[in-house]
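The values are calculated or read from the model by the stated rules, or taken from the named source; none is laboratory data. All of these numbers come straight from a predicted model, not from anything done at the bench. Reconstructed Cβ throughout: ideal geometry from the backbone, glycine too, with neighbour counts over all protein chains shown. Heads up: the accessible areas ignore ligands, DNA and RNA and are worked out on the full protein's heavy atoms, side chains in. Shrake-Rupley method; radii C 1.70, N 1.55, O 1.52, S 1.80 Å.
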Amino acid sequence: MLGNSSNGYGCVSRVVHWLAVILVASAFGLAWVMTEMASSPEKFRLYGIHKSIGALIVALGLARIAWTAAQPAPPPLGELAPWQRAAAKAVHGLLLLWLVAMPLSGWLMSSAAGRPVSVFGWFALPALIGPDRPTAHALGEVHEMLASLGLLLIGLHVAAALWHHFVLKDGTLRRMLPCRLGGCGCDDGACGGPPEGRSCGCGGHGGGSGDGSGSCGCGGKGKDA
Ligand code: HEM
Ligand code: HEM
């Protein structure tokens with residue numbers, strides 16, 4: 001199943017989600033290492049990789065926004081209070097915007113600093129604005145602030161995902177995992193809530209483990225992600 005359904009995320013959403021997570025983690029990791037290094041060719045090599053990864057993230061973020069517009073996310077699982085649904089929706093929307101705004105601020109900063117932005121040496125991105133030192137400095141501050149905001153959003157988002165998985169014991173995390181890594185709902189079936197009292201069907205084949213063990217038996221037997 002490539003697209004999302006009312007039961008869960010399709011293959012494209014799942015793969016793009018985890019690809020974005022890997023790229024964002026790499027951009028943060030490189031940023032923290034490179035900004036601590038003394039000036040050297042190695043430092044500037046890492047700057048280049050950081051910017052190249054950021055460029056991939058802008059492209060991925062835009063693609064993700066277009067995909068989400070065409071393929072609405074499935075409704076949340078479980079019995080959530082209205083404020084929890086609204087908070088989840090707001091955080092997801094902000095994360096999507098952040099995926100574009102964060103690297104865009106870096107690209108603007110490099111343009112204002114008069115520095116080229118080459119994507120892994122394959123091609124160069126055009127400068128978005130002309131060189132101007134004070135603007136470059138201000139955009140550096142914006143880049144740093146957006147980084148902190150991103151860490152806050154990601155922290156809230158991860159805490160919510162873990163709360164669903166370990167406390168509510170519903171299929172929220174598993175329906176975002178690639179099918180081969182234990183994801184559920186891979187064949188357009190429901191990927192439901194906790195085993196006791198509510199349904200926990202993975203792949204639409206019924207009521208989860210149902211053994212009161214707290215596990216939602218989704219077994220990773222999917223086929224498309
Ligand atoms: C999601 C993507 C990105 C993330 C998460 C990210 C994150 C960061 C972080 C945390 C820093 C350190 C800030 C500080 O403490 O000064 C940084 C620095 C930097 N970033 Fe990014 N960045 C991203 C994309 C980009 C892009 C696309 C560019 C340029 C095209 C870029 C250019 C830079 C530069 C030049 C610095 C060094 C600033 C300095 O030396 O003060 N970043 N980035
Ligand atoms: C760079 C970090 C991350 C970003 C930018 C991000 C972004 C997003 C976005 C935008 C969505 C909504 C999907 C949509 O509307 O199509 C989403 C959903 C989801 N993410 Fe993340 N995510 C990140 C990290 C993580 C991590 C580390 C986890 C796991 C611990 C995670 C677990 C989930 C889950 C379970 C959903 C589905 C929520 C639901 O079904 O309501 N995410 N993520």
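On full extension, the segment bounded by residue 145 and residue 124 gains 5.0 nm, given 0.36 nm per residue less the C-alpha separation. Relative protection proxy for 27-34, 122-129, 103-110, from highest mean packing down: 103-110, 27-34, 122-129 (other beta-carbon atoms within 10 angstrom). Annotation: for a label point projected 7 angstrom from Cα along Cα→Cβ of residue 59, residues of region 105-130 with backbone N closer than 17 Å are 107, 117-127. In the full protein context, region 20-121 carries 53 Å² of accessible surface per residue, based on a 1.4 Å probe and ignoring ligands, DNA and RNA. Roughly how many whole Å is it from the C-alpha centroid of region 109-182 to that of region 56-94? Between the Cα centre of region 109-182 and that of region 56-94, the gap is 16 Å. Rg/Rh for region 14-79 (Cα atoms only, Rh after Kirkwood) is 1.17.
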